[in-house]
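For reference, the structure is listed below as structure tokens.
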Amino acid sequence: MRTTLRHLGTGETDAELLTLCASGGAATWGGTWAACGLPLPHCAFHAVTGCPCPTCGATRCVAALVHGRVGEALGWNPLVFACLAALAVVNVYAATVLMTGRPRARVSLSALEGRIVRVGCVCLLGANWLWVLHRGV
């Protein structure tokens, strides 16, 4: 794995700006949805199979975090909780480099490292699904 710090090249996608816009848009959409008192979406996978999907509990995880109940959020869906925590760190980094004009961090993986990351993600998703099934979300 190689990490480099560099400024954006001409025509290169600004991943940091894209991340902040997507995060901000999702937070605005979710907050507006909740403020309007609209019903929460139902899980189609759960409706069809009767089993919770790997991301079941994600909405309740976010709601618990918004209300400051960190332990409860972690219990609803640990993988979603970890992804939201990582996203918060990435957003702070993105805002910092966008405001200061500092070089951007870029990570490049070899083919083997990429494969290891993909297998690791599948294993994490599977372990999280076992947690959700055990918890009976």
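Any read-out appearing in this document is the output of simple, stated calculations on the displayed coordinates, not a laboratory observation. Model, not experiment: these values are computed from the prediction. Note: ideal-geometry Cβ built from the backbone for every residue, glycine included; neighbour counts use all protein chains shown.
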What's the number of the only condition in (1) under 20 Å from LEU124 (Cβ atoms); (2) without any contact (Cβ under 8 Å) to a residue 60 or more places away in the chain that PRO54 fails to meet? (2)
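Quick one: is CYS43 of a type in the set (A, V, I, L, M, F, W, C), touching a residue at least 40 places away in the same chain (Cβ under 8 Å) and surrounded by 13 or more Cβ atoms within 10 Å (Cβ to Cβ)?
Taking the combined requirement at face value, the residue does not satisfy it.
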Could you say which residue among THR49, THR59 is within 20 Å of ARG135 (Cβ to Cβ), touching a Pro at 6+ places or on another chain (Cβ under 8 Å) and without any contact (Cβ under 8 Å) to a residue 24 or more places away in the chain? THR59
Kindly indicate the residue of segment 103-137 that is without any contact (Cβ under 8 Å) to a residue 24 or more places away in the chain and among the basic types (Lys, Arg) and also farthest from THR55 (Cα to Cα) among those meeting that condition. ARG115
Look at ARG118 and say whether it is among the charged types (D, E, K, R), assigned to a helix (DSSP H, G or I) and under 29 Å from CYS21 (Cα atoms). yes
Name the residues in segment 45-99 that are charged (D, E, K, R), in contact with a helix residue (DSSP H, G or I) (Cβ under 6 Å, 6 or more places away or on another chain) and either closer than 15 Å to GLY30 by Cβ or part of a loop (DSSP other than H, G, I, E, B) (or both), would you? ARG60
Here are some conditions: (1) touching a Leu at 6+ places or on another chain (Cβ under 8 Å); (2) surrounded by fewer than 10 Cβ atoms within 10 Å (Cβ to Cβ); (3) among the small types (Gly, Ala, Ser). GLY9 meets all but one. Which one does it not meet? (1)
Here the residues within segment 23-44 that are more than 15 Å from the chain's Cα centre (by Cα) and part of a helix (DSSP H, G or I) are THR28, TRP29, GLY31, THR32, TRP33, ALA34, ALA35, ALA44
